[in-house]
Amino acid sequence: MTPPPKDVYALGDVPELGQVPPTMLAQVIRGERFGEPLEAFKEETVPVPDIGPRDVLVYVMAAGVNYNNVWAAMGIPIDVIKNRQKKGEKEDFHIGGSDASGVVWKVGKDVTNVKVGDEVVVHCGMWNHDDPWVTAGKDPMFAPSQIIWGYESNWGSFAQFTKVQDHQCLPKPTHLTWEEAAAYMLVGATAYRMLHGWPPNVVGPGDPVLIWGGAGGLGSMAIQIVKAAGGRAVAVVAGEDKVEYCKNLGAVGVIDRRKFSHWGMLPRWTNELDYGVWLKGARDFGKAFWEALGEKRSPVIVFEHPGENTIPTSGMMCETGGMVVICAGTTGYNATLDLRYHWMRQKRLQGSHFANDVQCAGINKLVMEGKVDPCLSRTFGFAGTGECHQLMRDNKHPSGNMAILVNAPRTGLKTVDEVKAAFAAGGAGA
Ligand code: NAP
């Protein structure tokens, strides 16, 4: 006989398949705790969310760690809780987490693509199914209703259950552990769209590509995607230890940015002295790229995310007709470009943000085929949610991607049965 559901389950105490308790454990951010991530996240017991006709409730085994919930914890550049309340949502807290691996536990009445018991990874692109932009078959990442799950939406993966839309669920690669499967989708799909989503500037065989932050979450994915397409990635890093890391992922060369000092916004073009110093720095960096590539060719795609500090250099070195594609401004939001080079050499500066369903399926296929590794570097227990975000905030996190065990009681497990056995054996901790 099926036992009645408990009010709340311990982490890893797997309920009967499909049985949903009224409450769950979650790592919660509240407005009064906005600030350093270490203090902002606290474990609380909260209601399990209701789901709509096209929604899916996923029992979370592991969650991925991304920069967006550093921002959410700090309440900058936006207060995600107040933003949702303005749209009519009642919760006065935020459950973040934009990457997950887990099991489909309940489906809405109109869901057809997954069923209870399916093992899945979740991508973080959400949009209204009835948004006229979406129903017209256009790229949903441009839709007015598009938001990022676990950042702009509540009920992310730092909780025992997460509420997602049906199309966000993709098959979990069976060769990966729960924590590996939770680590790659957000950064991998973002990098995939940046490198494959903006024709005609898409990566192809032999193409030189410059990748900033090559040992970071996005960069580690980008190097592998470029390699899988037959391109030649040159990575930029700060630190000796990261050079080998990038080469092992498939970078043909690596530049240590600490050898250069021309970073920051462009000096005004009328200031010949300062501009000349900047130009020399940028040209030296360009030469370092040729050396790392082993050929005097410029990058046809520059993979950007540091933003303010690096974009003048990215714009200068990009090949004629090439593209600087950017998805963030970690060092600042003011982009300065020498427009003379930009128009005469007909370059493209392209903004890019996460990915659509096709692009998410594209990166998942590369992972399933073993062409892209999730680059999981460190796994934390559920109580370590604040700590890993703090490390990221301080740029002291390890190379690659981090994950958090939610219901999975320990690392190395790949199926629900393994989770049940490990819980029964009392195996806890990352
Ligand atoms: P990450 O793992 O921290 O990697 C970022 C890398 O940037 C670091 O490894 C660092 O490498 C490099 N970096 C830091 N300061 C730099 C500087 N001053 N100049 C040049 N490089 C610098 O973070 P991530 O997950 O890759 O994310 C990076 C940014 O992209 C974040 O702001 C994140 O919010 C954003 N993002 C946006 C989207 C989107 O869809 N729009 C998706 C994913 C991420 P070195 O110190 O070794 O150079």
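Looking only at the range 249-271, count how many residues are assigned to a loop (DSSP other than H, G, I, E, B), open to solvent by 20 Å² or more (accessible area, probe 1.4 Å) and touching a strand residue (DSSP E or B) at 6+ places or on another chain (Cβ under 6 Å).
Total meeting the criteria: 1.
Please find, within the range 63-79, the residue that is farthest from the ligand (Cβ to nearest atom) out of those that are assigned to a loop (DSSP other than H, G, I, E, B) and touching a Ser or Thr at 6+ places or on another chain (Cβ under 9 Å).
Val65
Those residues that are in contact with a helix residue (DSSP H, G or I) (Cβ under 6 Å, 6 or more places away or on another chain) and either outside any strand (DSSP E or B) or open to solvent by 30 Å² or more (accessible area, probe 1.4 Å) (or both), I need them from the range 198-218; list them, please.
Those that are in contact with a helix residue (DSSP H, G or I) (Cβ under 6 Å, 6 or more places away or on another chain) and either outside any strand (DSSP E or B) or open to solvent by 30 Å² or more (accessible area, probe 1.4 Å) (or both): Val202, Val203, Gly213, Gly214, Ala215, Gly217, Leu218.
Which pairs do you get when a residue that is under 19 Å from Ala403 (Cα atoms), found in the range 201-228, comes within reach of a residue that is crowded, with 24+ Cβ neighbours inside 10 Å and of a type in the set (S, T, N, Q), reach meaning Cβ atoms under 6 angstrom, with the pair 6+ apart or on two chains?
Gly217/Asn401
For residues in the range 369-397 being under 18 Å from Leu186 (Cα atoms) and assigned to a helix (DSSP H, G or I), which is nearest to the ligand (Cβ to nearest atom)?
So the residue we want is Met392.
Those residues that are crowded, with 24+ Cβ neighbours inside 10 Å and farther than 25 Å from Val134 by Cβ, I need them from the range 162-176; list them, please.
The answer is Lys172, and nothing else.
Of everything in the range 412-426, what is within 20 Å of Val58 (Cβ to Cβ) and either β-branched (Val, Ile, Thr) or free of Cβ contacts under 8 Å to residues at least 40 places away in the same chain (or both)? Give them in sequence order.
Thr415, Val416, Asp417, Glu418, Val419
Could you run through the range 287-314 and say how many residues are open to solvent by 10 Å² or more (accessible area, probe 1.4 Å) and either more than 15 Å from the ligand (Cβ to nearest atom) or outside any loop (DSSP other than H, G, I, E, B) (or both)?
Residues in the range 287-314 being open to solvent by 10 Å² or more (accessible area, probe 1.4 Å) and either more than 15 Å from the ligand (Cβ to nearest atom) or outside any loop (DSSP other than H, G, I, E, B) (or both): 12 in total.
The values are calculated or read from the model by the stated rules, or taken from the named source; none is laboratory data. None of the values given here were measured: they were computed from a predicted structure. Cβ atoms come from the backbone with ideal geometry, glycine included; neighbour counts cover every protein chain shown. The accessibility values were calculated without ligands, DNA or RNA, using every heavy atom of the protein model including side chains. Shrake-Rupley method; radii C 1.70, N 1.55, O 1.52, S 1.80 Å.
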